[in-house]
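What follows is calculated from the coordinates using simple rules that are stated; it is not laboratory data. Since the structure is predicted, the reported quantities are computational estimates derived from the model, not experimental observations. Positions of Cβ are backbone-derived with ideal geometry, glycine not excepted, and every protein chain shown enters the neighbour counts.
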Amino acid sequence: MALRGFTTPSPGLGHSSGASLITREADLMPFLERIFPGLSVSVERDEEKPIEFFHQGVALDGARVLSVNFSHALRTLRGKHAETLWITCQFSGGVSIKETPKGAPIEITEGNCSVLWAREGGALSISQYASRHLVNLPREVLESVVRRHFDIEVYTRPEFEAPIISARHPANARIRQLIQMALQPPLIDCGPYSETVARQLRDLIVTTVLLGVPNTLSKALCKASTPAPSRHIRRALEFMEANLENPITIDMIANAAGCTPRGLQVGFREHFGTTPLGALKKRRLEEAEKRLRSGRYGTVMEVAYSLSFGNPGRFAGEFSAKFGIPPAKLLRSA
């Protein structure tokens, strides 16, 4: 059975589309077209065994992160669609991809990751009982991240030297960690700060892939990663200190410092052993400790929101880890 042309809107920025379990073939077909837009899909299964297709997804400002599990084999034939980079982490089962109708198949086995551009006419075969996490990244989103973080204009899409990232490759574990992080509701569900968290996580995934997997942009990206001078670091610290109560992004900090986000991150690593946002969180936690002791606040939530912590529960955990005492207990003793 082949389908074409069915799409549905993606969830809002930074919000999960929830977890879905599909058990009826009538529901499965349109659902596959929704999460694999622009593809012609067919299902191969044992008629005596029930369909089980589990899906969880989250939108990250133009990109989409998915976790999918199958109890049957899928075959797809790619159709015409916008250029999209698929970043895949295979947990069980396997995938065979032919990038062109006459091309040799690329095998993605358990434990490996891959970075592949979707190509018109390519074929994708997913084995039965496969489990995988993947990121759907349109080319224009990737180019936007490169422009903002590295101040580089991209005129041709980056091509990767090897499509497979083995389980032993240093970037493999980092990519898996970021994708799994994106699928955790406590991280994405940050109230008014969900959009900021989602966008920063998307940018982390893109930069990790581009810096960790050799590609045609690698030389330019390495050159753009020169550490920011000390004066830029100082400006960044001053801007962060003045905005402890405001939701700010790495782009805003770099703009105030007068350098690229990537240069600022490298500079902070060199000077402080952490990222700009890591340093900002440290200062906010220190300020939260002072406010909890001051007696001027009635609840932990009030303190958390006053310093732009979007998730009070996450704030409480990070505070306890840093100071060895729950914020509620410190507040009661004030």
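Provide the FRET efficiency to the nearest 0.05 for the residue 293-residue 71 pair, computing r from the beta carbons and using R0 = 45 Å.
Approximately 0.25, to the nearest 0.05.
Give me Rg over Rh for region 226-334, both radii from the alpha carbons and Rh done the Kirkwood way, two decimal places.
The Rg/Rh ratio comes out at 1.04.
For region 235-244, what does the Karplus curve 6.51 cos²θ - 1.76 cosθ + 1.60, with θ = phi - 60°, yield as ³J(HN,Hα) per residue in whole Hz, taken in order and with x for Gly and Pro?
Residue by residue, region 235-244 yields 4, 4, 4, 5, 5, 5, 5, 6, 10, 4 Hz.
Report the gain in length on full extension from residue 169 to residue 231: 0.36 nm times residue separation, minus Cα-Cα distance, nm rounded to one decimal.
18.7 nm
According to a simple spin-label model (label point 7 Å from Cα along Cα-to-Cβ), what is the distance in nm between residue 52 and residue 245?
Going from the residue 245 label point to the residue 52 one covers 5.3 nm.
Tell me, what HN-Hα J-couplings in whole Hz come from the Karplus equation 6.51 cos²θ - 1.76 cosθ + 1.60 at θ = phi - 60° for each residue of region 265-276, using x for Gly and Pro?
Once θ is set to phi - 60°, the couplings for region 265-276 become 5, 5, x, 5, 4, 5, 8, 10, x, 8, 8, x Hz.
When the chain is fully extended, how far beyond the present Cα-Cα distance does residue 314 get from residue 302, taking 0.36 nm per residue of separation?
2.9 nm is the gain from fully extending residue 314 to residue 302.
For the charge dipole of region 226-334, defined by +1 on Lys and Arg C-beta atoms and -1 on Asp and Glu C-beta atoms about the Cα centroid, which residue among 298, 326, 266 has the Cα displaced farthest towards the positive pole?
It is 326.
Determine the gain in length on full extension of the stretch residue 109-residue 151; use 0.36 nm per residue of separation and subtract their C-alpha separation, reporting nm with one decimal.
Here the segment from residue 109 to residue 151 would lengthen by 11.5 nm.
Short version: ³J(HN,Hα) in whole Hz for each residue of region 278-292, in order, from phi by Karplus 6.51 cos²θ - 1.76 cosθ + 1.60 (θ = phi - 60°), x for Gly and Pro, what are they?
So the J values, rounded to whole Hz, are x, 5, 5, 5, 4, 5, 5, 5, 5, 5, 4, 4, 5, 5, 5.
Would you calculate the separation in nanometres between label points at residue 20 and residue 128, each defined as 7 Å from the Cα along the Cα-to-beta-carbon direction?
Reported label-point gap for residue 20 and residue 128 is 2.4 nm.
Note down the nm distance, to one decimal, between modelled labels 7 Å out along Cα→Cβ at residue 184 and at residue 323.
The modelled label-to-label distance comes out at 2.2 nm.
Given H placed 1.01 Å from N in the peptide plane, which residues other than close sequence neighbours of residue 130 have an amide H under 5 Å from its amide H?
Excluding prolines and chain starts, which carry no amide H, the hits are 70, 72.
Add +1 for every Lys or Arg and -1 for every Asp or Glu among the other residues with Cβ under 12 Å from the Cβ of residue 93, and state the total.
Its environment carries a net charge of -1.
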